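I have placed the structure first, in the form of structure tokens, so that the comments after it can refer back to it.
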């Protein structure tokens, strides 16, 4: 590349462009030249750096290091900024300190009580975007309540919740900056799968838990929906969790056993494929912010970055483990 200085401005051969300081009359003259495609203001570039969280849980350390045994969580400072996660679950305690004021209520298809009577949704919100426990620490959480205090809800509620996320994102012009987390499910439902597929077709990244019945997940919904990123659970020693469903639909494994995050009355430790999917939602939000990719590209990107270390996955199931690409 050559840079030539002429009369106070610079010509860049590599980009066929010039930059400098011009008065308004000159700018108008340049703008009226048919050979000029665009004009923009010069801006300030800032160095980007990695953040290293010292008090991280094993799960956060694992997804940010290629080898096991690390004790820190390493991530880019963008940390999911500008990305929203539609959390279709039991609701969220939006005032939980770990969420740092970044959680809001979206919709409630269960009752008139905008609270989390179960704790499952709050735990996931903390895991996805919490200041201490979260993967994408600057992402926003939108609570969509479809499950009751017992953690149960009708498929019609689930469909309504997913549909709400799709409409909300479209109305606000954020479809490609929205993640939908589905840490729920059951037996096969064409209607539930269609709702999840609609979210994918709308441009969103959808992360779904494969379920915890130690069976092939191909007949579970919404994990079996086309385009959905189906996530299985792994352990601290890089094994498939014994309870985790499996099969060819699994995109990657993610930590799902002995995971700590915020509960209704302080930090708690839980296990389940729900939380494996939460890790993937967090990494999805992280990659959307960091790499500026589109939602339909996220699951593929997650698989590209993942590391093949799961030691006891069934023969028809991937060995890939979620990794955020920190370079560590």
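Summary table
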{"quantity": "Conditions (1) over 18 Å from residue 208 (Cβ atoms); (2) touching a residue at least 40 places away in the same chain (Cβ under 8 Å): number failed by residue 120", "calculated": "(1)"}
{"quantity": "Count of residues meeting criterion [surrounded by fewer than 24 Cβ atoms within 10 Å (Cβ to Cβ) and over 14 Å from residue 206 (Cβ atoms)] in the range 143-163", "calculated": "11"}
{"quantity": "Scope the range 56-89; condition part of a loop (DSSP other than H, G, I, E, B) and under 30 Å from residue 144 (Cα atoms); matching residues", "calculated": "56, 57, 64, 77, 78, 79, 80, 81, 82, 83"}
{"quantity": "Inter-residue pairs, beta-carbon under 9 Å, first not assigned by TED's automatic domain parsing to the domain that holds residue 165 and in the range 82-96, second part of a strand (DSSP E or B) and surrounded by fewer than 21 Cβ atoms within 10 Å (Cβ to Cβ), 6+ apart", "calculated": "none"}
{"quantity": "Filter pass, residue 147 being assigned to a loop (DSSP other than H, G, I, E, B) and closer than 12 Å to residue 108 by Cα", "calculated": "yes"}
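The values are calculated or read from the model by the stated rules, or taken from the named source; none is laboratory data. Treat the numbers as computed from the prediction; the structure is a model and nothing was measured. Don't worry about glycine lacking a Cβ; one is built from the backbone with ideal geometry, like all the others, and counts go over all protein chains shown.
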